[in-house]
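Structure, as structure tokens:
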Amino acid sequence: MPSRLQNKVAVISGGASGIGAAAARLFVAEGACVIVADLQEPLDRKLADLISTDPDKIRFVKCDVSIEDEVVAAIEAAASAFGKLDTVVACAGVPGMGAAGDISAEHWDKTFAVNARGVFLFTKYAIPHMIKAGGGSIINISSAFGIVAGPQFAAYAASKGAVRNFSKATALDYIGQGIRSNSIHPGYIDTPIVQNIISNAEDTDAAQSMFNALQPGGHAGAPEDIAWGCVYLASDEARFVTGAELVIDGGLLAR
Ligand SMILES: NC(=O)c1ccc[n+]([C@@H]2O[C@H](COP(=O)([O-])OP(=O)(O)OC[C@H]3O[C@@H](n4cnc5c(N)ncnc54)[C@H](O)[C@@H]3O)[C@@H](O)[C@H]2O)c1
């Protein structure tokens, strides 16, 4: 089987854990070179091993996606380590929970700084490299809650809705330069972002049941379920796919 991402060079934000880490591993397995950009060192053991043994294929750069200079450094790291940049997966995210009347303006701003500004900065600084490379693929991780809302997710749902429409705006602005831009909308996926919400809840059993009940199948998806969608959108198989919202949610939005 030829590799689906041969000769691609990607930066994956939020790649230290969960969906981003699964995407980083699959991208390397499919032939891409990858920069993992995250606040924290990789939590995922298999990914950490890969980074320490194969620097010709994958490297880690510490990066807060809300800080412009750090995003520039992560993007430049891809170009200088691997000669070009043609793919970005903007996966870093924070939960931003609470109803509008209960959250502070600072909480709102912090949620948007990571979930919306961070996505914008990755697109902004990747574009000149993609134009130079003759095209590229921007993959922004939104959420099912970027299409519908969920109770107690006011800032999160608003920030993920912003990602959805920002991805479409970019698709229209750069179609002439061969740059595709799409959003992915996961349902409930078993990763630390949700595990932490559940373990910090007053009633952890009730919180777990609430998340399971969102899913028609009654259980979470795995990080790889979303990561394969990233592989597809990064590959030339998706050459006619831009401005789209790829829902991978185990049927959550079908009801
Ligand atoms: N897990 C789910 O159910 C689910 C559902 C829908 C959407 N999502 C989205 O998927 C994306 C990945 O989340 P996940 O489920 O893999 O969770 P996760 O917690 O495993 O991964 C999130 C990663 O983002 C990183 N991060 C957070 N703030 C950052 C910042 N300022 N700069 C750089 N990195 C930062 C974290 O360090 C972490 O490694 C998020 O955008 C999340 O909103 C997740």
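The values are calculated or read from the model by the stated rules, or taken from the named source; none is laboratory data. Owing to the predicted nature of the structure, the values given are computational and were not obtained by experimental measurement. FYI the Cβ positions are ideal-geometry reconstructions off the backbone, even for glycines, and counts take in every protein chain you see.
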Matching residues in segment 112-161 (within 12 Å of the ligand (Cβ to nearest atom) and in a helix (DSSP H, G or I)) number 18
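Condition (residue is outside any strand (DSSP E or B), surrounded by fewer than 17 Cβ atoms within 10 Å (Cβ to Cβ) and within 13 Å of the ligand (Cβ to nearest atom)) applied to segment 184-192: is it met by at least one residue? If you could, list the steps in order and put the result at the bottom.
Narrowing segment 184-192 to residues outside any strand (DSSP E or B): 187-188, 190-192.
Of the ones still in play, those that are also surrounded by fewer than 17 Cβ atoms within 10 Å (Cβ to Cβ) are 190, 192.
Still in the running and within 13 Å of the ligand (Cβ to nearest atom): 190, 192.
The answer is yes, given that some residue of segment 184-192 is outside any strand (DSSP E or B), surrounded by fewer than 17 Cβ atoms within 10 Å (Cβ to Cβ) and within 13 Å of the ligand (Cβ to nearest atom).
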Taking the criterion of being of a type in the set (Asp, Glu) and touching a strand residue (DSSP E or B) at 6+ places or on another chain (Cβ under 9 Å), would at least one residue in segment 239-250 satisfy it? yes
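Among the residues of segment 3-19, are any buried (at least 18 other Cβ atoms within 10 Å of the Cβ), closer than 26 Å to PHE211 by Cα, at pLDDT 95 or above and not small (Gly, Ala, Ser)? I'd like the intermediate steps shown before the answer.
First, pick out the residues of segment 3-19 that are buried (at least 18 other Cβ atoms within 10 Å of the Cβ): 4-5, 8-19.
Keeping just the survivors that are closer than 26 Å to PHE211 by Cα gives 13-19.
Narrowing the set further to residues that are at pLDDT 95 or above leaves 13-19.
Keeping just the survivors that are not small (Gly, Ala, Ser) gives 19.
Yes, the conditions are met somewhere in segment 3-19.
Looking at this structure, is GLU202 in contact with a His (Cβ under 7 Å, 6 or more places away or on another chain) and over 24 Å from ALA29 (Cα atoms)?
On the way: in contact with a His (Cβ under 7 Å, 6 or more places away or on another chain): no; over 24 Å from ALA29 (Cα atoms): yes.
No.
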Looking at GLY15, GLY31 in this structure, which one is touching a Leu at 6+ places or on another chain (Cβ under 9 Å), part of a loop (DSSP other than H, G, I, E, B) and within 13 Å of the ligand (Cβ to nearest atom)? GLY15
Restricted to segment 39-58, and to residues that are more than 16 Å from the ligand (Cβ to nearest atom), not acidic (Asp, Glu) and not in a helix (DSSP H, G or I), which residue is nearest to the chain's Cα centre (by Cα)? LYS57
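Among the candidates VAL71, VAL65, VAL36, VAL61, single out the residue that is touching a residue at least 12 places away in the same chain (Cβ under 8 Å), in contact with a Ser or Thr (Cβ under 7 Å, 6 or more places away or on another chain) and within 11 Å of the ligand (Cβ to nearest atom). Even if it seems obvious, please write down each step before you answer.
On the way: VAL71 fails: in contact with a Ser or Thr (Cβ under 7 Å, 6 or more places away or on another chain); VAL36 fails: in contact with a Ser or Thr (Cβ under 7 Å, 6 or more places away or on another chain); VAL61 fails: in contact with a Ser or Thr (Cβ under 7 Å, 6 or more places away or on another chain).
Going through VAL71, VAL65, VAL36, VAL61 in turn, just one is touching a residue at least 12 places away in the same chain (Cβ under 8 Å), in contact with a Ser or Thr (Cβ under 7 Å, 6 or more places away or on another chain) and within 11 Å of the ligand (Cβ to nearest atom): VAL65.
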Restricting attention to segment 162-173, does a residue exist that is within 13 Å of the ligand (Cβ to nearest atom), closer than 25 Å to GLU224 by Cβ, of a type in the set (D, E, K, R) and surrounded by fewer than 22 Cβ atoms within 10 Å (Cβ to Cβ)? yes
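In segment 74-97, how many are more than 11 Å from the ligand (Cβ to nearest atom) and not hydrophobic (A, V, I, L, M, F, W, C)? Step through it out loud before you land on a result.
Filtering segment 74-97 for residues more than 11 Å from the ligand (Cβ to nearest atom) gives 75-88, 97.
Now drop any that are not not hydrophobic (A, V, I, L, M, F, W, C), which leaves 76, 80, 83-84, 86-87.
Total satisfying the criteria: 6.
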